[in-house]
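Novice: Please read through the structure below; I'll follow up with questions.
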Amino acid sequence: MAFLVEQDYSVQIRAEIRAILTQTDTSLDEAEQMAQAEISAYLRPRGYDLPLLFGYAGSSRPMDLVMRMIDVVLYHLHTSVVTRATPAKVEKRYNDAVSWMNKINGGELDPDFPKITVGDSTPTLKLGSNPKYFKRY
């Protein structure tokens, strides 16, 4: 199941423009996969549970992530159309999304995303040494 749904796009782009940008259904799917991979690269080092995060559906999805993902998808769709330059608004929103992801990656922002939990708190590596030997001859 896809993280983004068709209604998510109506907030930022008109249906006619979206139809021009997505001349095939696969181009939208590919752009969404590229955006998810790009966002995942920024979030993974901070320990977020990405399969769980991108598995949310409906109103349980973090809306700030939905908005940033749409910005990235629209940027990728606009850059795939070679006959026009990317609109300044789309490029600015993409740069803002990348800046947001950089702040998360750098630890400046800590969104309320699920973190990876370790199932067993028992250490997997035991450190220590042999008992000290006191006898001297």
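What follows is calculated from the coordinates using simple rules that are stated; it is not laboratory data. All figures in this text were calculated on a predicted structure; none of them were measured in a lab. Cβ coordinates were reconstructed from backbone atoms using ideal geometry, including for glycine residues, and neighbour counts include every protein chain displayed.
Novice: Of all trypsin sites (Lys or Arg not before Pro) in the stretch 1-49, which ones are in loop regions per DSSP and have a Cβ with at most 14 other Cβ atoms within 10 Å?
Specialist: Values: sites: ARG14, ARG18, ARG46; in loops: ARG14.
Passing both the DSSP loop test and the Cβ count: ARG14.
Novice: Could you give the length gained on full extension between LEU50 and GLU91, defined as 0.36 nm per residue of separation minus the Cα-Cα distance, in nm?
Specialist: Separation in residues times 0.36 nm, less the Cα-Cα distance, equals 12.2 nm.
Novice: I would also like to ask the following. Which lysines have a Cα less than 28 Å from the Cα of LYS115, not counting those fewer than 8 places away in the same chain?
Specialist: Counting by Cα, and skipping residues close in sequence, LYS115 has these lysines nearby: LYS103, LYS126.
Novice: Suppose R0 equals 25 Å. What FRET efficiency, 1/(1 + (r/R0)^6) with r the Cβ-Cβ distance, do LYS103 and ILE20 give to the nearest 0.05?
Specialist: Working: r = 33 Å, r/R0 = 1.31.
Rounded to the nearest 0.05, the efficiency is 0.15.
Novice: What angle do you read, to the nearest 10 degrees and between 0 and 90, between the alpha-carbon axis of helix 63-80 and the longest principal axis of the chain?
Specialist: So the helix axis and the longest Cα principal axis differ by about 60 degrees.
Novice: Among 93-103, 54-64, what's the highest-first ranking by average C-beta atoms within 10 angstrom per residue?
Specialist: On the way: 93-103: 16.6, 54-64: 12.1.
Final packing ranking: 93-103, 54-64.
Novice: Between [x] -0.68, -0.76, -1.16; [y] -0.43, -0.55, -1.34; [z] -0.32, -0.46, -1.31, which entry matches log10 I(q)/I(0) by the Debye sum over Cα atoms at q = 0.10, 0.12, 0.21 Å⁻¹ as derived from the coordinates of this structure?
Specialist: Computed from these coordinates, log10 I(q)/I(0) by the Debye sum over Cα atoms at q = 0.10, 0.12, 0.21 Å⁻¹ corresponds to label [y].
Novice: Right, here's the next one. Full extension from VAL5 to GLN33: what is 0.36 nm times the residue separation minus their Cα-Cα distance, to one decimal in nm? Intermediate values should be presented prior to the final figure.
Specialist: Numbers: separation 28, 0.36 × 28 = 10.08 nm, distance 1.32 nm.
Extending this stretch completely gives an extra 8.8 nm.
Novice: Can you list the aspartates and glutamates whose alpha carbon sits under 16 Å from that of LYS92, skipping same-chain ones fewer than 8 residues off?
Specialist: The qualifying aspartates and glutamates are ASP71.
Novice: Per residue of the chain, what 222 nm ellipticity follows from adding -39500 (n - 2.57) for every DSSP H run with n ≥ 4, rounded to the nearest 500? The partial results should precede the final answer.
Specialist: Details: 6 runs with 71 residues, N = 137.
Dividing the helical sum by the residues of the chain leaves -16000 deg cm²/dmol.
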